[in-house]
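Reviewing the structure listed below.
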Amino acid sequence: MLNQEPLEIETVTNLREFRVFLARYEKEIFCDIELPAVHSAYWFSNRGQFKELLSLDAKLTASPSLELFSEESLHVGREHLRMLKPMYDQRMVQRFRKCVINGEAKGWNPIVFGMFLSIHSIPVREGLLQFGRQTWSGFINGIREQRDFPESECSQLLKEYIDRLPSWIETVVVESNCTPGTLKARFR
């Protein structure tokens with residue numbers, strides 16, 4: 001898969017192409033990068049490993065695989081960071097926010113979401129499930145509305161992806177159990 005075309009949502013014009021796009025997104029972005037990044041950010045936040053959070057942010061920024069999705073992820077991440085404003089007494093959030101404002105970090109959604117889980121002591125599996133549901137729901141419903149795809153078929157698609165979440169999450173958590181907090185994302 002090294003010389004495979006980049007993911008381009010603009011070329012999707014029908015449900016068959018949408019399924020192909022989602023399958024690639026699932027494998028190359030969601031499972032390989034986003035879920036492990038949320039998990040890593042969660043553990044880095046739990047341990048107060050701020051430099052590791054910044055390094056994770058830099059790795060996400062440098063990943064060509066995420067280029068197509070950067071605008072939306074950064075928007076959502078920064079919005080979540082803004083919603084954490086009442087938690088600015090949390091040193092990790094305060095420092096990360098300052099780095100985002102100063103341009104030293106971008107504020108990717110998986111990182112902010114992982115920090116959110118840690119701050120609120122949400123169990124990691126439950127949090128990853130929430131992240132997955134939000135990601136797939138937003139993605140599939142957003143494209144459905146843009147392309148005017150049938151709601152029933154997109155609802156079925158959404159159900160398929162949400163039904164697979166527990167096994168993906170277990171894979172991320174089990175792979176990381178040997179050394180919690182280590183970065184398991186596979187950047188391309």
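Considering SER45, SER70, SER40, SER55, the condition of being hydroxyl-bearing (Ser, Thr, Tyr) and farther than 12 Å from ILE111 by Cα is satisfied by SER70 alone. When the stretch 36-85 is limited to residues that are outside any helix (DSSP H, G or I) and of a type outside the set (Ser, Thr, Tyr), the one that is modelled with the lowest pLDDT turns out to be LEU84.
Rundown of residues vs (1) in contact (Cβ under 8 Å) with a residue 60 or more places away in the chain; (2) hydroxyl-bearing (Ser, Thr, Tyr); (3) more than 26 Å from GLU160 (Cβ to Cβ), yes/no style:
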| site | (1), (2), (3) |
| --- | --- |
| LEU53 | yes, no, yes |
| LEU81 | no, no, yes |
| ARG95 | no, no, yes |
| LYS98 | no, no, yes |
| GLU104 | no, no, yes |
| GLN134 | no, no, no |
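Yes or no: LYS59 surrounded by 12 or more Cβ atoms within 10 Å (Cβ to Cβ), out of contact with any Pro (no Cβ under 7 Å at 6 or more places or on another chain) and among the basic types (Lys, Arg)? The answer is yes for LYS59. Of all the listed residues (GLU145, GLU126, GLU151), the sole one being closer than 23 Å to PHE69 by Cβ and surrounded by fewer than 19 Cβ atoms within 10 Å (Cβ to Cβ) is GLU145.
Check the stretch 147-167 and report whether any residue there is assigned to a loop (DSSP other than H, G, I, E, B), under 20 Å from GLU28 (Cα atoms) and at pLDDT below 95. There is no residue in the stretch 147-167 that is assigned to a loop (DSSP other than H, G, I, E, B), under 20 Å from GLU28 (Cα atoms) and at pLDDT below 95.
The values are calculated or read from the model by the stated rules, or taken from the named source; none is laboratory data. Remember, predicted model here, so these are calculated numbers, not experimental data. Don't worry about glycine lacking a Cβ; one is built from the backbone with ideal geometry, like all the others, and counts go over all protein chains shown.
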